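No lab work stands behind these numbers, since they all come straight from the coordinates. All figures in this text were calculated on a predicted structure; none of them were measured in a lab. Cβ sites come from the backbone with ideal geometry, for glycine too, and all protein chains shown count toward neighbours.
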Amino acid sequence: MIIRLTTLVAAACLVWQWDSRRRAREQERALKQPKAKPVEVTTWEGEGGALPVVGSQLGPAPSQS
């Protein structure tokens, strides 16, 4: 009875060790993969325009003479 119990505990420890190392390898592999570049935000500052939140667009429309 003791021999079977010892064998079962040893097998469980080996399976636990194997699974732990497998998960660690998967996590390392996921961290090594290059990340995708974020999408660039388009602003009109460089082209002479204003940001969408501030600028001349918020004021009243100019009057036509």
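Please list 30-37, 8-15 highest first by mean number of surrounding beta-carbon atoms within 10 Å per residue. Walk me through the intermediate numbers first.
Values: 30-37: 6.6, 8-15: 10.0.
Output ranking for 30-37, 8-15: 8-15, 30-37.
Please list, in order along region 4-20, the HN-Hα scalar couplings obtained from phi with the Karplus expression 6.51 cos²θ - 1.76 cosθ + 1.60 (θ = phi - 60°), rounded to whole Hz, x for Gly and Pro.
5, 5, 5, 5, 5, 5, 5, 5, 5, 5, 5, 5, 4, 4, 4, 5, 5
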